[in-house]
Each structure stands twice: as structure tokens, then as C-alpha cells.
């Protein structure tokens, strides 16, 4: 058949197609009486929703058709019937301002089956759904081989065996392979469908690009500005923040949406307390945290950029924590804590582990922040991914290349296993006049998942090692949505939640 095809055309159905369409329906539904739509039905569908009625034509001959309407899905019971969803076949249930594309019918002329024409029709429906910003597609799918097993299997058992490929069902197998997922059994859905026992499977496809209609929309291409900070001595807090503002100015000048600073970037201010013990010096450093956060909050607004402040020591009830802040450009603040302190932080500084773990909503999607050592614990980022995180920021501080390699490789693993972007930023140089902060090693980077839409090595951008600089990189959030749905492998979706469980404690 393929060698005889001269042209294939996908086009909208017209009233003039009815007589040819009627013959196609007769051929397609030889086992179901009364399944041929009348001319009045077809004309009504075309009049109400012309974009939803599409025909496929081979060599100028009608080969198949897909019919659909838009419905206000929540107004129907989950256990609806075909008669209810179509308004007793009047299609008065069609709503221009509805939210779900509901499939009324799909059929292919028998002589053209095997050419994957049905896939073309479903792809058109998906594109239409995305174009119209509908939240998904739904329909009741027949299970025409169920009558062979009705005496021994319930519909639920039958569907499970079809999903495991133990039973072949031509309709259900096709739907599942086209990314439709069964949600429930519909009893008495289509009277006269004896092959299916009058059962149907409610199948749904979610539009990952659907956006609720709001006064604003979140950005899809997000620009990240990473600050690879040079450790140097400063006279005072004002001088340090002047340098910080210089970098904020630089990355915002490139219209970045985020500025990421490293962990303990403010450590140079401990130089004036070097005569004290390490634990006393860092407590003196903690006294600057409130002023630094207040200044960053002002910079976020004035430079129109979201700032991840890196991290700083902070005293709370006389206990010392390693914390950071997300200063949003709308003026709001979010706080995050380092949950796993290193043995050195605990022993020398008396640092306490934090407790909070959550994602943050921004005008560029959901983000998460893990401070340095926390990135080496995969459970944390997986919990953030379950909350819908698109970008993970990792401010870090490492003295040796060994320590840096742990952060770098763990961060890259987080990007792959959680299907998200990961940005890491560290400090370089040395501070000979600050105990326990002598040297730093860093190479700031932006990591991506590893699939066809991303760099083959999973690295979007990388800074020059051990050099003071900024790193600018664009990340496309829509590519993550496609990966979640259509990736070569799907690490988030394919987890065996029937075998293990991961959750946060209250």
C-alpha cells in the first residue's frame, strides 16, 4: 500500500464530504449497527466546532476522520456516558470556553489501516489542544476484545493485563502507546457495543503546556546569572556589598532572571576577627547577615532580578545556622537552610543542621536551593522535584579539587535523575588572614538532563576554573515538560513507588 500512495493530506472536514464519509463509516463499523453518523450530526459538529472535525485523505480519497468537541469537563460526572457527554447526540454540550477536548469518534477505513493514520489524527488533536490552551484530551475508549475474557476477568483485570501486554486489545493498546492513560471504567458507556460488554475506559492526555488564564504568564526561557566570586579582603561591609552590587548590575545588564552567589561569599569580613577562635569569628560574621539580606532585597527590586544570596551564618535562639535567602524582584523574601552540615562546620564552627525543605514559586517557575553538601544527598532534590521544581540552585564553597568534584558530580546527577536544570556557583582565590578559609577551588556550571533536546554531555555552560567571572546561560523550561512526557527515559515517571516510598516528615 505504501508504494501506491501519491499523497496524504490532513484537512478540516466539510459538509460536502458527508456522502463519502458515510461509506467510510460503514466500512469501519461493520460489527456495530447504528454507528453511522447522520448528515445532520456531521453538519452540526462542523458548525459548532469546525477545527475539531478533521479528515485524512490518501490519493484524494477519504481514508479516516476524527470528531471532537470542547466541554466544561468538571460539569460531568466521572462515570458519565457517551449520551451524556454529547448532550443526547445534539453536541449542545460543546463550550467555546470549555477546558477539555473530548473525542467523539475516530475511524479509519480498513484498507488504509496499518499506515499509522490514527496517530496523525491524535497528533492533530494534541496540537489543537495545546494551541487552544486546553488542559487535556479525554474520551471513552472501547475494549473490543473484552468479550473474549468477560467470563473470567473483570474490566479492571482485563485492562491491567492489556497494559502488561499479556492480552492484545487493538484499541486500548493503541491509546496507551499514544500517551493516553486509563483513569477509570465507564459502565454502560456505549449501548450496542457488545464486543466491549458496553464498557469503556476513560482515557486522558494531559496538556503539559496548559496555563491557567492569568494577568501574567511565567517565562519559558529563563536566563541564569552565576557569580564566581573572588575571595579578597574588604575594609568593611559597605565595600563587600559594593562588589556584590557590581555583579548584580553586570548580570542584570544581560537581562538575567536570577543572580546566584556562592556559599559564605561574605567570609572575608571575618578577617577583622581573626584574633578570635574560629567559632567566635563566625558568630561575629553572623551579625552582618541581616544587613546583607536587606541590601540584597533592595538590589533585587532596583535591578529587577531574583537574587539567591548564597549562604551566610545566622544566629537563631543563640544557635548558629548556615542560611540563605531568595530575594525576589517583587520585593518578597524566602529563607532556606543548610540541612546537612559538614563535619568541619560542626566541629570548628559549632554549626547546627537546618530543618526546612521546600520549593519556591517565582515568576520563572518553581525553584529549589540546596547549599553545597546538601546536593550530595539525592533524597532532598527528589523531594523538591516531586513538588515541581524546574531549576535547582546550589551555592557552594570548596577548598580542594576533591571537594569540588563531589559537589559538581552530585549536582550533575541531580539534573539527570530529577529532569531539571542545576546551577552551581562557588568562590575562588584565597583568604590567608581568615582561619579555616585559606583557599578555595571552584568552577561554576549549569547542568541539564541528558536527552536529545539538551547538550550531549549534560553541560549547558561552564565558567573558567578558579577565575573571577560571571556565567550567563539560558534554560528552556518547555524542554523539561517535553522530557517529562516524551523522554528516551523518564526517571520521574518510571519510579517504582509500589516498592519504595519517599516523603518529608511533618
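The values are calculated or read from the model by the stated rules, or taken from the named source; none is laboratory data. If you're wondering where the values come from, they're calculated on a predicted model, not measured in any experiment. We place every Cβ from the backbone using ideal geometry, glycine too, and count neighbours over all the protein chains shown.
Checking 441, 447 one by one, the residue that is in contact with a strand residue (DSSP E or B) (Cβ under 8 Å, 6 or more places away or on another chain) and closer than 18 Å to residue 367 by Cα is 447 and no other.
Condition check for residue 483 on (1) modelled with pLDDT under 95; (2) under 30 Å from residue 210 (Cβ atoms); (3) buried (at least 20 other Cβ atoms within 10 Å of the Cβ); (4) touching a helix residue (DSSP H, G or I) at 6+ places or on another chain (Cβ under 7 Å): one failure, at (4). Would you mind stating whether residue 492 is touching a residue at least 24 places away in the same chain (Cβ under 8 Å), exposed (fewer than 13 other Cβ atoms within 10 Å of the Cβ) and assigned to a loop (DSSP other than H, G, I, E, B)? Taking the combined requirement at face value, the residue does not satisfy it. When each of 431, 392, 397 is tested for being surrounded by fewer than 22 Cβ atoms within 10 Å (Cβ to Cβ), under 21 Å from residue 229 (Cα atoms), in contact with a helix residue (DSSP H, G or I) (Cβ under 8 Å, 6 or more places away or on another chain) and assigned by TED's automatic domain parsing to the domain that holds residue 362, the lone residue that passes is 431. Reported count of residues in region 5-49, each being over 14 Å from residue 67 (Cβ atoms) and assigned to a loop (DSSP other than H, G, I, E, B), is 8.
Please determine, by comparing only the residues of region 70-94 that are in a helix (DSSP H, G or I) and buried (at least 16 other Cβ atoms within 10 Å of the Cβ), which one is farthest from the chain's Cα centre (by Cα).
Restricting attention to region 70-94, the residues satisfying the condition of being in a helix (DSSP H, G or I) are 73-75, 82-85.
Applying the additional criterion that residues be buried (at least 16 other Cβ atoms within 10 Å of the Cβ) yields 73, 82, 85.
Values: 73: 24, 82: 33, 85: 31 Å.
Only one residue fits best here, namely 82.
Per the listing 282, 308, the residue uniquely at pLDDT 95 or above, buried (at least 17 other Cβ atoms within 10 Å of the Cβ), over 35 Å from the mean Cα position of the chain (by Cα) and assigned by TED's automatic domain parsing to the domain that holds residue 392 is 282.
Which of the residues belonging to region 414-450 are at pLDDT below 95 and in a loop (DSSP other than H, G, I, E, B)? It would help to see each step written out before you state the result.
Step one: list which residues in region 414-450 are at pLDDT below 95, which gives 429-440.
431, 432, 433, 434, 435, 436, 437, 438 - these are the residues of region 414-450 that are at pLDDT below 95 and in a loop (DSSP other than H, G, I, E, B).
Look at residue 480 and say whether it is in the same structural domain as residue 391 (by TED's automatic domain parsing), touching a residue at least 40 places away in the same chain (Cβ under 8 Å), within 19 Å of the chain's Cα centre (by Cα) and not in a loop (DSSP other than H, G, I, E, B).
Details: in the same structural domain as residue 391 (by TED's automatic domain parsing): yes; touching a residue at least 40 places away in the same chain (Cβ under 8 Å): yes; within 19 Å of the chain's Cα centre (by Cα): yes; not in a loop (DSSP other than H, G, I, E, B): yes.
For residue 480, the condition - in the same structural domain as residue 391 (by TED's automatic domain parsing), touching a residue at least 40 places away in the same chain (Cβ under 8 Å), within 19 Å of the chain's Cα centre (by Cα) and not in a loop (DSSP other than H, G, I, E, B) - is met.
Every residue in region 157-170 that is surrounded by 20 or more Cβ atoms within 10 Å (Cβ to Cβ) and within 25 Å of residue 117 (Cα to Cα), please.
Here is the first cut: in region 157-170, the residues surrounded by 20 or more Cβ atoms within 10 Å (Cβ to Cβ) are 158-159, 162, 167, 169.
Passing the criteria: 159, 162, 167, 169.
Can you tell me which of 103, 40, 64 is free of Cβ contacts under 8 Å to residues at least 60 places away in the same chain and closer than 21 Å to residue 188 by Cβ? First the steps, then the outcome.
Numbers: 40 fails: closer than 21 Å to residue 188 by Cβ; 64 fails: closer than 21 Å to residue 188 by Cβ.
None of the others qualify; the one that does is 103.
Looking for whichever is crowded, with 20+ Cβ neighbours inside 10 Å and in contact (Cβ under 8 Å) with a residue 12 or more places away in the chain here; the options are 124, 146. Which one fits? Only one candidate passes the filter, namely 146. Among residues of region 462-477 being touching a residue at least 24 places away in the same chain (Cβ under 8 Å) and part of a strand (DSSP E or B), the one that is surrounded by the most Cβ atoms within 10 Å (Cβ to Cβ) is 475. Residues of region 33-54 being surrounded by 20 or more Cβ atoms within 10 Å (Cβ to Cβ) and either touching a helix residue (DSSP H, G or I) at 6+ places or on another chain (Cβ under 6 Å) or at positive phi (or both), which ones? Selection gives 42, 53, 54.
Just one of (1) modelled with pLDDT of 95 or more; (2) crowded, with 18+ Cβ neighbours inside 10 Å; (3) not in a helix (DSSP H, G or I) fails for residue 411. It is (3). Among the residues making up region 455-477, a single one is more than 11 Å from residue 444 (Cα to Cα) and touching a helix residue (DSSP H, G or I) at 6+ places or on another chain (Cβ under 7 Å): 458.
Residues that are touching a residue at least 40 places away in the same chain (Cβ under 8 Å) and either under 20 Å from residue 171 (Cβ atoms) or within 40 Å of the chain's Cα centre (by Cα) (or both) within region 11-29 comprise 11, 12, 13, 24, 25, 27, 28, 29, listed in sequence order.
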